[in-house]
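Visitor: The structure follows.
The values are calculated or read from the model by the stated rules, or taken from the named source; none is laboratory data. Quantities reported herein were computed from a predicted structural model and do not represent experimental measurements. So basically every Cβ, Gly included, is an ideal-geometry build from the backbone, and we count neighbours across all protein chains shown. Ligands, DNA and RNA are excluded from the accessible area calculation, which covers all protein heavy atoms including side chains. Shrake-Rupley method; radii C 1.70, N 1.55, O 1.52, S 1.80 Å.
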Amino acid sequence: MADTEVMAALAALEAHRVEIGHHRIADLFAADPGRAQRLSLYLGDLLFDYSRHRITDATLAHLIALARAAHVEEQRGALFAAECVNNTEHRPALHMALRNFSGKPVLVDGRDVMPDIFAMRDKLYGFARQVRDGTFRGATGKIFTDIVNIGIGGSDLGPAMAARALSPFVKKGLKLHFVSNVDGADLADTLEGLDLASTLFIISSKTFTTQETMTNAQSARARITSVLGEAAVGNHFAAVSTKLDLVGKFGIREERVFGFWDWVGGRYSLWSSIGLALAIAISPEHFDDFLRGGHEVDDHFCTAPLHENIPVLMALLGIWYRNVWDFGSHAVIPYDQRLARFPAYLQQLDMESNGKSVARNGASMAMATAPVIWGEPGTNGQHAFFQLLHQGTDVIPVDFLVAAEPIAADSHHHQMLFSNCLAQAEALMRGRSRTEVQALLSKQGLKQTAIAELAPHKVFPGNRPSSVFLYHRLDPRMLGRLIALYEHKVFVQSAVWGINAFDQWGVELGKELCSGLMPFVDDDQTDTSRLDPGTAGLIEYRRKLIAG
Ligand code: F6P
C-alpha cells in the first residue's frame, strides 16, 4: 500500500488534470509571454527548458506537494547521509562520494570513506598516466594503442557511452573497444585486426562472477597466452572489481587491480574505478572534470529549493505523465551523435532502478512505475520513429539534448543539427490543425476532393510534451552533469513511488535458469523430458538443426 499522503497528492493531481487537460501547450504560451523564461532553469551554462509541457503554475504546485507528501527531501537526506537506502542488500548507495569535492567526510558506519576513495583514485590516475605516456607497455615492449574493456551492464555501458561522448578528448593514437556480450562474435569481431602485443585488456566486473564477463575474460586471456605466452598476462591485463580475491585468482598483478566498494551500484559505477578505460583515454585531468560535473549536480540537488531543482522537476514531470496521464514510455533524443549510447545507458539507470512492482516495504505497488526509456540520436530518429512521435496514438514525452557549439565538428553541420532539434520540439508542441492543412493544400492548388482525401493524413495533433537540455559544449564536465541529473531524477521518482532504486532482483531468475539449461545445450544426449515443454521443444529443434 502506498502512503496515504502520496495517494491523496496523486488524487489531487488527477483532479487537476481533468481541470486543465483541455489546455494546449501552445495556448499556454500564447497566454503567457514570459512562459519560456519562467519555466527554465540554469545550472552553470546548462539550460533546462521545461516550458513545452502540459503544465501550469498550479500543476507545479501540485507536483511539489506530491514531493513533500513523499518526503523527498528527507529521503534525499537519508541517501546523502549514507543510510541503508538499499534495504534488501543492507547497504547505502554512495556513488556521490566518488565525486565529492566538498572537502567534507562521508561516513559509512562511522568511518570516513574519502581517504580510501582518494587513495584508489591516485593509484588509478598513476596507472592511467603510465599507460598514456608509454611507461607501462605490453610484454614485447610495444606501447598500448588499443584498450579492450570487458564488462557488461554498468561495467560496460558507462565507460562505453562516455568514451564515445568524449571522443574529442581521447588521446590521439589510442583506440577504445568494449566487449560485453557473451556472444563470441563480440570478442571475435573486436579482436579482428588488433595487434595483441599493443592491446591492454581491462576486466571490469563489480562481482567478478558475471557469466558474460568471465567467459570473455577467459577467452581473451587464452588469446594472449597463445600469442604472447603465459607470462604476458601480467602486462596485458588490468582489472576493476570489488572482489579482489577473485581477481587475484585470474592472475592479474595487484598493482593493476583497482577496487571499489559494495556501496557503489553497478549502474552508478562509472564514477569509480570502472571509469579506468575512460580515465586512460581522456586523461586523469579530464576525468576529474567529469567527476566535478557530477559533484556540481549533487550540490544543486541538495541545496536548490524543490521548485528550482532540475532533477526534482525532471522526476515530477515524469510522474505527472506516467501516473496521471498514463503515458508508458519516455524518449531521450540527443542531437549529438557522440551521445548515441546515452539512451542505452539511461535504460539501465532508469529501468533497472525503478522497473519494479514491489515497494521497498515488500507491498505490491498501487501505481505504475518506470516507463520504458528509449531513444536514438537526432536527426537519425527523424527518419525512423519520429512519425510515431508526431502522429502515433501514444503520446511519448521527449528529452532533447543539444549543445550550442560542437567540439571538433563542422559548425555548419551543427547549425543544421541545432535547428532540427528546435524544430522537432516546436512541431511536437504546436502540431498542425486540419484547418491549417486545408489552407496549405488549397494554396498549393489542390482540388477540394483531393484536399478532403489528403488533409486527415497531414494533421499533426501537437500538444506533445518535451524538455530541452541546451548547453555550451559536450565536454567532460557537462557529461558528468547530465549523468548525475538523470541519476537524481531516478532517485526522486523512486522516493515518490516508495521503491528501493538500488537493487535489481529482476535480473536473477533468467541467470539461474540459464545455468540449469547449459548442460542440456552443451550435451545433445541429455534427456530434456523433465524440462519445461516449451524450452525442451526449442532445445530439441536446435539439436535437429545442428544434426542436419
Ligand atoms: O545483471 C545485472 C547486473 O548485476 C548489473 O546491475 C550490473 O551492472 C551488471 O550485471 C554487471 O555486473 P558486474 O559488474 O558484477 O559484472
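Visitor: Subtracting the Cα-Cα distance from 0.36 nm times the residue separation, let me have the gained length for Q444 to Q218 in nm, one decimal.
Guide: Working: separation 226, 0.36 × 226 = 81.36 nm, distance 6.60 nm.
Difference between extended and current length: 74.8 nm.
Visitor: Mind putting together the pair-distance distribution for region 1-108? All Cα pairs, 10 Å bins, whole percent per bin, short to long.
Guide: 12, 27, 29, 23, 9, 0
Visitor: Could you list which residues have their amide H under 5 Å from that of A238, counting only those 5 or more apart in sequence or on another chain, with H placed in the peptide plane?
Guide: Counting only residues 5 or more places away or on other chains, the set is F201, I202, I203.
Visitor: Can you give me the distance in nm between label points at A12 and D394, each placed 7 Å from the Cα along the Cα-to-Cβ direction?
Guide: Distance between label points: 3.1 nm.
Visitor: Restricting the calculation to Cα positions, tell me the Rg (one decimal) and the Dmax (whole number) of the chain in Å.
Guide: Radius of gyration, then largest Cα-Cα span, for the chain: 25.6, 82 Å.
Visitor: Under a 5 Å amide H to amide H cut-off, with H placed in plane at 1.01 Å, what residues pair with D399 once short-range neighbours are removed?
Guide: A331, V332, I333, S467
Visitor: Over the chain, what percent of the accessible surface lies on carbon and sulfur atoms, probe 1.4 Å? All intermediate terms of the calculation are to be shown ahead of the outcome.
Guide: Numbers: 12920 of 23900 Å².
That share works out to 54 percent.
Visitor: Next up: Tally the DSSP beta bridges in the chain and give the antiparallel ones as a percent, rounded to 5.
Guide: Numbers: 12 of 42 bridges.
Rounded to the nearest five, the antiparallel share is 30 percent.
Visitor: Note down the net charge around G480, summing +1 for each Lys or Arg and -1 for each Asp or Glu among other residues with Cβ under 14 Å from its Cβ. Please list the in-between numbers first.
Guide: Working: positive: R99, R292, R473, R477, R481; negative: D45, E285, D288, D289, E296, D298, D299, D475, E487.
Net charge around G480: -4.
Visitor: A follow-up question, please. For a quick protection proxy, order the peptides 252-261, 519-528 by their average other-Cβ count within 10 Å, most packed first. Walk me through the intermediate numbers first.
Guide: On the way: 252-261: 18.5, 519-528: 11.7.
Listed from highest to lowest mean packing, they are 252-261, 519-528.
Visitor: Among 384-392, 86-94, what's the highest-first ranking by average C-beta atoms within 10 angstrom per residue? It would help to have the intermediate numbers written out before the result.
Guide: On the way: 384-392: 14.9, 86-94: 18.2.
Highest to lowest by the protection proxy: 86-94, 384-392.
Visitor: Net charge around F460, counting only other residues with Cβ within less than 15 Å of its Cβ (Lys, Arg = +1; Asp, Glu = -1)? Mind dumping the intermediate values first?
Guide: Details: positive: R24, R52, R430, R432, R434, K458, R464; negative: D394, E426, E436.
Combined, the nearby Lys, Arg, Asp and Glu give +4.
Visitor: May I ask for the distance between the Cα centers of region 348-389 and region 456-495, given as a whole number of Å?
Guide: 13
Visitor: Mind jotting down the three principal axis lengths of region 110-284 based on Cα atoms? Whole angstrom, largest first.
Guide: Projected onto the principal axes, the Cα atoms of region 110-284 cover 50, 33, 31 Å.
Visitor: If you don't mind, there's one more thing I want to ask. Accessible area per residue for the chain in Å², computed with a 1.4 Å probe and the full protein assembly in place, what is it? It would help to have the intermediate numbers written out before the result.
Guide: Values: 23900 Å² over 548 residues.
Result: 44 Å² of accessible area for each residue.
Visitor: Quick one, can you get me the convex hull of the C-alpha atoms of region 506-547 expressed as volume per residue in Å³? Don't skip to the answer; put the middle values down first.
Guide: Numbers: hull volume 3.2 nm³, N = 42.
Cα-based convex hull of region 506-547, divided per residue, equals 76 Å³.
Visitor: Moving to a separate point now. Where does the charge balance sit around G328 when Lys and Arg score +1, Asp and Glu -1, over other residues with C-beta under 12 Å from its C-beta? Present the calculation step by step, with values, prior to reporting the outcome.
Guide: Values: positive: R322; negative: D326, D394.
Overall, the nearby charge balance is -1.
Visitor: Could you list which residues have their amide H under 5 Å from that of K356, counting only those 5 or more apart in sequence or on another chain, with H placed in the peptide plane?
Guide: A370
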